[in-house]
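Heads up, the thing below is written out as C-alpha cells.
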Amino acid sequence: MSLLVVGTVALDSVETPFGRVEDALGGTASYFAFAARHFADTKIVGVVGEDFPQEYLALFRQGNIDVAGLQRLSGKTFRWSGYYDYDLNTAHTLDTQLNVLLDFHPKLPGDYRQSELVFLGNIDPALQLDVLSQTSPKLTVLDSMNFWIERKREELTRVIEKVDIVLLNEAEVRQYAQTYNLLAAARRILDLGPRALIIKKGEYGAMMVDRNVDVFMAPAFPLESLKDPTGAGDSFAGGFLGHLAGTRDFSAAGIRKAMIYGSVVASFTVEDFSINRLLSVTREEIAGRYNDLKRLTFLDHYCKHADSCERLELAWA
Ligand code: AMP
C-alpha cells in the first residue's frame, strides 16, 4: 500500500545529557520516512534550502525513500534547536527558524496523489490541508505540536475535522482540548470527527482512545541506554503507518499490532542522535523487540524459549 508523508525536513541542533549534535538530519518527515521504510515504500513531501547537504539527500535515496516531492528552494532549510534535561519526555525549544517553509507550496507529483495512507506530520496546518486536498487516501493520520496549536489553532481544527486518527503527546492533547483529564480531552477531540486519538506518553508508551472511549495501551520498550528522544513520536508514527501499509489490516487487532510496531521502531530511534539508529537497525532486530514487547505485557505464563522460562522461575523462586 502506498504511503505518503508531509512534514519538515530539518537541520537540528540538539543537546541532551548524553551529548549534542549540530545541523544533524532531522524533521518530522525525515524521522517518519526512515522509520516507515522498514515496512513499506514511502514518499516524502517537503522542502529544503540551498544549504541542505547532498549527503543527507543521498541517505534518503539509499534508503529507498521517494524524494520526488521534496522541493529545494533558494534560502535556508528549516532549523530547530532544543535541549532535554534528565526528564527526556519534555523537549525544550531554543529556536525555530521556518526559513524556506514560509515559501513552500506543495505540488504533489502524479503518483503521489494516489497514496492510500497519508501522514500529515507536524508542520504548518495550512500545508497539511493543502496536501490533503491533493489526495484521497483511505486513512489519514495527523500530528502537530504546541508551536502550531498556539499560532494556527483554527487551521489545525480544520485539519482535525478531516482526518481519521490524531496523534499528539499528552501535553499537546491537554493544551488543545484545554482540560487536564486525558479521556475528557480525547472526547473533545473525537467530537470534531476523527475515529481515534493516539496520545504519546514518552517513556510511558502510547494510549489509543476510540470513539467508544475504548482504550489500548502500547508500552514503550524499556531501554538500558538512550541518547536522544528527538523524533520518537515521528518514528512511532512511521512504524505504525508503515506496518499498516505492509499488512493492509485495518481491523482493531491490526491497528493495535501496528501501535506495538510503532513503539518498537521508536525505541531504536532514541538509542542514538538524529536518524543514525534507524539507518543501522535490521528487520531481525525489529522482529526481536516486537516479540520481547509482547512477552513483557503478556499476563498468562509465556516464555519465548525454555531457558528464559527457567530464568524467570528462578528469579521468583
Ligand atoms: P518529535 O517526534 O516530536 O520529537 O519531532 C522532532 C522533530 O520535529 C525535530 O527533528 C524537529 O526538526 C521537528 N520540529 C521541531 N519544531 C517543529 C515545528 N514547529 N514544526 C515542524 N517540525 C518541527
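The values are calculated or read from the model by the stated rules, or taken from the named source; none is laboratory data. The structure presented is a predicted model; accordingly, all values stated were derived computationally and were not measured. A quick note on method: Cβ atoms are made from the backbone with ideal geometry, for glycine too, and the neighbour counts reach across all protein chains shown. In case anyone asks, the SASA skips ligands and DNA or RNA and just uses the protein heavy atoms, side chains included. Shrake-Rupley method; radii C 1.70, N 1.55, O 1.52, S 1.80 Å.
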Next item on the list: Find out how many positive minus negative residues lie around residue 105, taking Lys and Arg as positive, Asp and Glu as negative, among other residues whose Cβ is under 12 Å from that of residue 105.
Entry: -2
Margin query: Students often check this: by mean Cβ neighbours within 10 Å, which of 151-160, 237-246 ranks highest, and how do the rest follow?
Written below: 237-246, 151-160
Notebook entry, point to check: Where Rh denotes the Kirkwood radius from the mean inverse Cα pair distance, what is Rg over Rh for segment 1-80?
Noted result: 0.98
Checklist line | Whole-angstrom Cα spans of segment 170-272 along principal axes, big to small | finding: 38, 31, 17
Notebook entry, point to check: What ³J(HN,Hα) values, in whole Hz, does the Karplus curve 6.51 cos²θ - 1.76 cosθ + 1.60 give for segment 184-197 when θ = phi - 60°, with x put for Gly and Pro?
Noted result: 5, 5, 4, 4, 4, 6, 5, 4, 7, x, x, 7, 7, 10
Next item on the list: Taking H placed 1.01 Å from N in the peptide plane, check which residues at least 5 places from residue 227 or on another chain put their amide H under 5 Å from its amide H.
Entry: 271, 272
Margin query: I'd like to check one number: the per residue accessible area of the chain, probe 1.4 Å, reported in Å² as a whole number.
Written below: 46
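Which order do 259, 145 take by accessible area at a 1.4 Å probe, largest first?
Descending accessible area places them as 145, 259.
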Notebook entry, point to check: residue 294: which lysines have alpha carbons under 21 Å from its alpha carbon, excluding same-chain residues fewer than 8 sequence positions away?
Noted result: 200, 201, 257, 304
Margin query: Give the separation of the Cα centroids, segment 27-50 to segment 195-225, in Å.
Written below: 23
Check: Can you give the angle from 0 to 90° between the axis of helix 252-269 and the longest principal axis of the chain, with both taken from C-alpha atoms, to the nearest 10?
Finding: 80
Next item on the list: Please turn the phi angles of segment 157-164 into ³J(HN,Hα) values with the Karplus equation 6.51 cos²θ - 1.76 cosθ + 1.60 (θ = phi - 60°), one per residue in order, whole Hz, x for glycine and proline.
Entry: 4, 4, 6, 3, 4, 9, 9, 8
Item checked: Convex hull of Cα atoms in segment 99-158, direction-averaged projection (nm²) -> 4.2
Notebook entry, point to check: Counting Lys and Arg as +1 and Asp and Glu as -1, each charge on the Cβ, what is the dipole of the chain about the Cα centre in debye, to the nearest 20?
Noted result: 860
Margin query: Can you tell me the convex hull volume per residue for segment 91-220, based on C-alpha atoms, in Å³ to the nearest whole number?
Written below: 120
Check: If you project the alpha carbons of segment 84-131 onto the principal axes, what extent comes out on each, in Å, largest first?
Finding: 45, 26, 14
Next item on the list: Please list, in chain and number order, the residues 5+ apart from residue 42 or on another chain whose amide H is under 5 Å from its amide H, with Hs placed from the backbone.
Entry: 66
Check: Counting DSSP beta bridges in the chain, what percent are antiparallel, to the nearest 5?
Finding: 40
Check: Based on the alpha-carbon gyration tensor of the chain, what equivalent-ellipsoid semi-axes (square roots of 5 times the eigenvalues) come out, in whole Å, largest first?
Finding: 30, 23, 20
Checklist line | Calculated P(r) of segment 60-156 - Cα pairs past 22 Å, % | finding: 41
Notebook entry, point to check: Residues of segment 32-54 with amide nitrogen under 18 Å from the 7 Å Cα-to-Cβ point of residue 282?
Noted result: 38-39
Item checked: In order through segment 222-237: 3J(HN,Hα) via Karplus (6.51 cos²θ - 1.76 cosθ + 1.60), integer Hz, x for Gly, Pro -> x, 10, 8, 9, 9, 10, 8, x, 4, x, 4, x, 6, 5, 4, 4
Check: Okay, helix-only estimate at 222 nm for the chain: each DSSP H run of n ≥ 4 adds -39500 (n - 2.57), divide by all residues, round to 500 deg cm²/dmol; what do you get?
Finding: -11500 deg cm²/dmol
Margin query: How much of the DSSP bridge set in segment 161-317 is antiparallel, in percent, rounded to the nearest 5?
Written below: 65
Margin query: Suppose the chain between residue 180 and residue 51 were pulled fully straight at 0.36 nm per residue; how much longer would it get relative to their current alpha carbon spacing?
Written below: 42.2 nm
Notebook entry, point to check: Taking a spot 7 Å from the Cα of residue 134 along the direction of its beta carbon, which residues of segment 109-124 have an amide N less than 16 Å from it?
Noted result: 109-121, 123-124
